[in-house]
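The values are calculated or read from the model by the stated rules, or taken from the named source; none is laboratory data. If you're wondering where the values come from, they're calculated on a predicted model, not measured in any experiment. With ideal geometry, Cβ positions are generated from the backbone for all residues, glycine too; neighbour counts draw on all protein chains shown.
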Amino acid sequence: MPTKAPVKYTPITSVYAIVGVGDAIVAKLRDVRVERPQFDVDTMRTQVRELPEQAQARVAATVDAAVETYDELATRGERLVTRIRHQQASEDFTRQAKSTVSKTKAARTTARKSASRTRKSASAATRSAVRDAARTGSAAKGAATSARNTVEAATTAAEAAAEKVGN
């Protein structure tokens with residue numbers, strides 16, 4: 001009998017064992033043949049009397065087999081997971097996921113830089129608008145003063161012209 005390599009018990013070993021159980025069940029179900037059972041009353045009585053001894057023997061055998069089976073299932077599950085990981089579709093998915101993460105990080109960096117530039121531009125635009133509004137206000141004040149002076153001059157000219165009329 002060939003010597004098996006010892007199974008390394010890690011947190012993932014239990015997962016491999018569960019995957020191995022599923023794989024083993026599928027393999028066994030493929031070989032199942034359904035037959036109609038035959039019943040004989042005398043045979044059944046004998047079997048019922050032997051049940052306690054059979055149960056004890058089976059429990060002992062089951063405990064021994066469970067340890068061995070656990071290791072086998074963990075190994076089987078690990079092989080299955082490894083095969084799936086190395087499938088072309090799995091490798092393509094992993095490569096695509098890494099590319100997506102990389103592009104997402106680049107987009108995040110671009111968005112941050114753009115937001116910073118936009119904030120700076122908005123701040124500069126606000127300062128410029130305030131300056132322009134102050135200039136506009138100053139120009140409007142000058143225009144208002146000039147308009148007031150023009151009105152006063154027009155009033156003075158109209159009064160002087162009114163005095164000359166009829167003289």
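General remarks:
- Subset of region 82-103 [loosely packed, with under 10 Cβ neighbours inside 10 Å and either part of a helix (DSSP H, G or I) or acidic (Asp, Glu) (or both)]: GLN88, ALA89
- Region 20-78, residues that are more than 22 Å from LYS8 (Cβ to Cβ), surrounded by 10 or more Cβ atoms within 10 Å (Cβ to Cβ) and aromatic (Phe, Trp, Tyr): none
- Here VAL15 meets the list (1) within 26 Å of the chain's Cα centre (by Cα); (2) at pLDDT below 80; (3) of a type in the set (A, V, I, L, M, F, W, C) almost entirely, failing just condition (2).
- Set ALA106, ALA140: member being surrounded by 10 or more Cβ atoms within 10 Å (Cβ to Cβ) and at pLDDT below 85: ALA140
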